[in-house]
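Visitor: Quick one: this structure, given as structure tokens, is what I'll be asking you about.
The values are calculated or read from the model by the stated rules, or taken from the named source; none is laboratory data. Model, not experiment: these values are computed from the prediction. FYI the Cβ positions are ideal-geometry reconstructions off the backbone, even for glycines, and counts take in every protein chain you see.
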């Protein structure tokens with residue numbers, strides 16, 4: 001039941017007289033975290049009649065959001081609903097009602113109401129017409145200020161005191177704040193320099209709130225390259241390949257795209273798309289193997305026949321380049337990962353080109369990851385995203401235990417969960433706090 005409907009029902013049962021307009025204050029809600037989830041929760045709460053103060057540890061809001069959008073803000077994705085939900089893997093059941101209520105089209109409509117026109121790229125990814133995150137964030141903060149949302153930066157949340165008040169570390173010393181409801185949207189554990197440091201995890205665990213350890217998601221992996229390969233190819237992209245791996249559950253996962261050789265291993269969009277099963281395999285068995293098809297446009301038989309042709313005076317490198325188009329970093333990967341015996345037979349070399357095994361030693365550190373898995377378990381929350389053992393406390397965004405690949409899926413779920421937490425808090429306040437009549441929250 002919507003907050004405004006609950007209020008109207010209250011007024012129907014207890015009608016006001018013309019001279020008895022109530023003067024009770026609006027409920028105070030603290031939103032902690034100034035990323036997309038927290039800002040969306042604040043917007044919903046303010047529109048629903050709450051008095052909202054948003055706190056953030058950093059000197060300014062939306063820092064990770066701005067950084068992610070520097071090279072082009074991928075806001076959401078335009079693929080079909082079934083494919084979209086599948087991107088959330090094991091958590092699609094929990095996220096489905098949130099995303100059904102605020103899907104990719106709803107997010108584009110919301111952005112349009114801020115004056116931000118969006119378009120669908122050739123890959124189905126949705127971007128603002130201006131590509132950057134800054135114009136959207138500026139327009140959003142302006143609207144929130146106009147709605148009465150107050151912002152308190154340089155306020156690092158420290159948990160609760162013995163009386164249930166919120167504790168904040170500020171430049172002026174510790175501050176304590178009481179609120180009728182609290183929405184936590186503190187982010188995950190990656191990019192600590194931008195505010196997502198996971199410091200909230202032990203604070204919630206101390207309160208008996210069930211959490212899962214934070215783990216890197218959309219991350220790179222360590223590979224023990226030789227010094228020669230590292231010095232020659234670090235920073236080089238590997239384009240037009242197909243990568244595959246086997247997840248711990250036995251499922252074969254395949255993606256096509258490109259990745260980048262780094263001094264420590266591999267990273268890039270193709271690697272990120274497979275990072276969850278690769279990470280899980282490393283955790284389960286200590287290592288993982290990623291297989292690359294370096295020539296996805298050719299069959300193994302075609303490669304073997306081309307490689308079996310006489311090479312005359314050509315070097316093996318020229319033979320590979322002329323016959324099958326393998327050169328540069330792809331040829332370097334073959335030399336790095338194969339033995340001399342693999343080059344002896346065309347059939348064996350063709351098989352290696354179609355399924356080149358790359359052993360991965362470890363994930364890169366959590367702080368380097370684009371996002372994180374783990375966090376507050378959905379079992380600890382009710383359908384309104386309220387913590388079951390702490391009424392009035394709601395959680396949203398990346399601090400929940402879910403993960404998704406890049407491509408707009410991360411942001412969409414952050415927006416959707418922030419909205420859900422805001423609506424959940426309004427519904428709970430309507431049940432527990434007597435307030436004056438208020439406008440209905442946005443339908444989204």
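Visitor: Just need a number here: residues in region 111-133 that are surrounded by 15 or more Cβ atoms within 10 Å (Cβ to Cβ), within 21 Å of residue 63 (Cα to Cα) and under 19 Å from the mean Cα position of the chain (by Cα).
Guide: 6
Visitor: Going by the structure shown, is residue 320 touching a helix residue (DSSP H, G or I) at 6+ places or on another chain (Cβ under 9 Å), assigned to a helix (DSSP H, G or I) and closer than 30 Å to residue 84 by Cα?
Guide: no
Visitor: Could you go through region 410-429 and let me know if any residue there is at positive phi, touching a residue at least 12 places away in the same chain (Cβ under 8 Å) and not assigned by TED's automatic domain parsing to the domain that holds residue 270.
Guide: Looking through region 410-429, none of the residues is at positive phi, touching a residue at least 12 places away in the same chain (Cβ under 8 Å) and not assigned by TED's automatic domain parsing to the domain that holds residue 270.
Visitor: Within region 336-350, work out how many residues are under 19 Å from residue 317 (Cβ atoms) and in contact (Cβ under 8 Å) with a residue 24 or more places away in the chain. Before the answer, list the steps.
Guide: Within region 336-350, the first condition is being under 19 Å from residue 317 (Cβ atoms), and the residues that meet it are 336-346, 348-350.
Filter once more, keeping what is in contact (Cβ under 8 Å) with a residue 24 or more places away in the chain: 336, 343, 346, 349-350.
Going through region 336-350 one residue at a time, the tally reaches 5.
This table checks each residue for (1) modelled with pLDDT under 80; (2) out of contact with any helix residue (DSSP H, G or I) (no Cβ under 8 Å at 6 or more places or on another chain); (3) not in a helix (DSSP H, G or I).
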residue	(1), (2), (3)
1	yes, no, yes
18	yes, yes, yes
26	no, yes, yes
42	no, no, no
45	no, no, no
67	no, no, no
71	yes, yes, yes
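Visitor: Which condition does residue 108 not pass, out of (1) modelled with pLDDT of 95 or more; (2) touching a strand residue (DSSP E or B) at 6+ places or on another chain (Cβ under 9 Å); (3) surrounded by fewer than 18 Cβ atoms within 10 Å (Cβ to Cβ), if it passes all the others?
Guide: Looking at each condition in turn, residue 108 falls short on (3).
Visitor: Residue 255 is checked against (1) surrounded by 14 or more Cβ atoms within 10 Å (Cβ to Cβ); (2) in a helix (DSSP H, G or I) and fails just one. What number does that condition carry?
Guide: With (1) surrounded by 14 or more Cβ atoms within 10 Å (Cβ to Cβ); (2) in a helix (DSSP H, G or I) applied to residue 255, the lone miss is (2).
Visitor: Is it the case that residue 237 is in contact (Cβ under 8 Å) with a residue 40 or more places away in the chain and surrounded by 22 or more Cβ atoms within 10 Å (Cβ to Cβ)? Write out each step before concluding.
Guide: Working: in contact (Cβ under 8 Å) with a residue 40 or more places away in the chain: yes; surrounded by 22 or more Cβ atoms within 10 Å (Cβ to Cβ): no.
Criteria not met by residue 237.
Visitor: Of the conditions (1) surrounded by fewer than 21 Cβ atoms within 10 Å (Cβ to Cβ); (2) modelled with pLDDT under 95; (3) more than 27 Å from residue 359 (Cα to Cα), residue 196 fails just one. Which one is it?
Guide: (1)
Visitor: Is it true that residue 263 is closer than 19 Å to residue 368 by Cβ, in contact with a helix residue (DSSP H, G or I) (Cβ under 9 Å, 6 or more places away or on another chain), modelled with pLDDT under 95 and not in a strand (DSSP E or B)?
Guide: no
Visitor: For a quick check of your reading: which strands (runs of 3 or more DSSP E) sit entirely within region 323-437 and have at least 1 residues that are at pLDDT 95 or above and over 25 Å from the mean Cα position of the chain (by Cα)?
Guide: Result: 356-360.
Visitor: Need pairs with beta-carbon distance below 6 Å; first residue in contact (Cβ under 8 Å) with a residue 12 or more places away in the chain and within region 158-172, second exposed (fewer than 11 other Cβ atoms within 10 Å of the Cβ) and assigned to a strand (DSSP E or B); sequence gap 6+ or separate chains.
Guide: none
Visitor: Additional query: Taking residue 336 and the conditions (1) buried (at least 19 other Cβ atoms within 10 Å of the Cβ); (2) within 30 Å of residue 49 (Cβ to Cβ), which numbered condition does it fall short on, given that it satisfies the others?
Guide: (2)
Visitor: Kindly indicate whether residue 306 is surrounded by 18 or more Cβ atoms within 10 Å (Cβ to Cβ), farther than 18 Å from residue 243 by Cβ and not assigned by TED's automatic domain parsing to the domain that holds residue 404.
Guide: Details: surrounded by 18 or more Cβ atoms within 10 Å (Cβ to Cβ): yes; farther than 18 Å from residue 243 by Cβ: yes; not assigned by TED's automatic domain parsing to the domain that holds residue 404: yes.
Yes: the conditions hold for residue 306.
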